[in-house]
Amino acid sequence: MRIAPRLASRAAASSMVVAASLAIVGLQATVQTASAATTKAPSVATCTTANTDLTVTEVSRPINHLLLKATNTGTKPCYAYIAPYLRAGADAQAPLAWAEETTPQAVVTLAPGQSAYAGITTSTPEGEGGATEKTLGVLFADRDGNATTTEKTLKLPKGGVFFNSAATVTYWQTNAQDALAW
């Protein structure tokens, strides 16, 4: 009669050992999966002149506008924070103002090969002064809104574009239509 209770105790003990072993294996698998997910997730960089190709083109509508296009040439995604810092002409003392009303709802993220766009108003009748400029200096903003360190200088279309005090640039947008719609 004592054999049956011992067998039941051994069976219960064996079941507990198996359950504990399975729990440990499950925990190890969960930890390995979590660490694999964090090591395989692509990191996201800040878009800069080093990991993007920049172009500036004149558009027919709206008048007195240019379109700046930044294409991610890197191997991982990059964030196009806020808006570009633009310097119209080599002698510009300050960057163009950002058009605050164009703030997107989220930071524009560019996968490799994708582009972001910024619309540039070069002049308006309300603007003062002005000059025809031949180059456009471009810097990206970092997460804190500060200019990144390396500027890219682009040649402006038609040998030069007129800029006056009303010149502004939009925040980065995911498509050209939104960049030129304001």
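Here's the yes/no breakdown for (1) open to solvent by 10 Å² or more (accessible area, probe 1.4 Å); (2) more than 14 Å from residue 51 (Cβ to Cβ):
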| residue | (1), (2) |
| --- | --- |
| 109 | yes, no |
| 119 | no, yes |
| 129 | yes, yes |
| 143 | yes, yes |
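Within region 66-79, being surrounded by fewer than 19 Cβ atoms within 10 Å (Cβ to Cβ) and touching a Ser or Thr at 6+ places or on another chain (Cβ under 9 Å) holds for 67, 69, 71, 73, 74, 76, 77. Identification of strands (runs of 3 or more DSSP E) wholly contained in region 98-165 with 2 or more residues that are touching a Pro at 6+ places or on another chain (Cβ under 9 Å) and either within 25 Å of residue 43 (Cβ to Cβ) or in contact (Cβ under 8 Å) with a residue 40 or more places away in the chain (or both) yields 108-110, 115-121, 135-141.
Here residue 118 clears all of (1) at positive phi; (2) touching a helix residue (DSSP H, G or I) at 6+ places or on another chain (Cβ under 8 Å) except the condition numbered (1).
Restricting region 116-141 to residues that are aliphatic (A, V, I, L, M) and more than 16 Å from the chain's Cα centre (by Cα), the residue that is farthest from residue 165 (Cα to Cα) is 136. Scanning region 75-93 for residues that are assigned to a loop (DSSP other than H, G, I, E, B), touching a Leu at 6+ places or on another chain (Cβ under 9 Å), at negative phi and not aliphatic (A, V, I, L, M) gives a single hit, 77.
Residues that are under 20 Å from the mean Cα position of the chain (by Cα), modelled with pLDDT of 95 or more, open to solvent by 50 Å² or more (accessible area, probe 1.4 Å) and closer than 24 Å to residue 107 by Cα do occur in region 158-174, at least one of them.
The values are calculated or read from the model by the stated rules, or taken from the named source; none is laboratory data. Since this is a predicted model, take the numbers as computed values, not measurements. Note: ideal-geometry Cβ built from the backbone for every residue, glycine included; neighbour counts use all protein chains shown. Just the protein is used for accessible areas: all its heavy atoms, side chains included, with ligands, DNA and RNA removed. Shrake-Rupley method; radii C 1.70, N 1.55, O 1.52, S 1.80 Å.
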